[in-house]
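Notes follow the structure.
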Amino acid sequence: MSDSAQAADQRDLGVQPLDRMMDEWGISNHDMVEVSTEQLTHKQVQRARIGRRLTLKMMQKVTRALNITIWYRLNDEEKEAFDEYFHKRLFNYAKGFDADWTDPNIEIRQGVTERRNA
């Protein structure tokens, strides 16, 4: 394997938990770009989803955009109960990632999904 191919392998880490989380919440790349106050781009979100290695700052930027996007979809009661996501829950190469972590927001997400599909 060439050095450039090996370097590409180290940057491409496969589809990330972020991708599943966005799908489960019904969030598109555009939804996150639209709410971000940090000049997040569609390309950055897509790279995060497919597992292109990001810097810690970029992982945190994407995570903030996800949390804000979700926040706008919640009613007051859900906002009280919502546990914000951390980058270590969304990126399998982040320090502290736990593959066995259980999302504490499952019931909230189901309520949001039901309202969206009604």
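Summary table
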quantity	calculated
Rounded to 10°, Cα long-axis angle of helix 56-71 versus longest principal axis of the chain	20 degrees
Taking only Cα atoms of the chain, radius of gyration then Dmax in Å	15.1, 54
Count of lysine pairs in the chain with Cα separation under 15 Å (8 or more residues apart, or interchain)	4
Likely footprinting exposure, Val35, Val45, fewest C-beta neighbours within 10 Å first	Val35, Val45
At R0 = 30 Å, FRET efficiency that the Cβ-Cβ distance of Ile106 and Glu34 yields, to 0.05	0.75
Added length on full extension, which subtracts the Cα-Cα distance from 0.36 nm per residue, Glu24 to Phe97	24.3 nm
Mean separation of Cα contacts under 8 Å (6+ apart) over length of segment 3-117, as relative contact order %	29 percent
Using alpha-carbon coordinates, inclination of helix 106-117 to the longest axis of the chain, degrees	70 degrees
Ala118-Trp71 FRET efficiency (beta carbon distance; Förster radius 22 Å; 0.05 resolution)	0.60
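Coordinate-derived values only; no laboratory data. Small disclaimer: the values here were computed from a predicted structure and weren't measured. Every residue, glycine among them, receives a Cβ derived from its backbone with ideal geometry; neighbour counts consider all protein chains shown.
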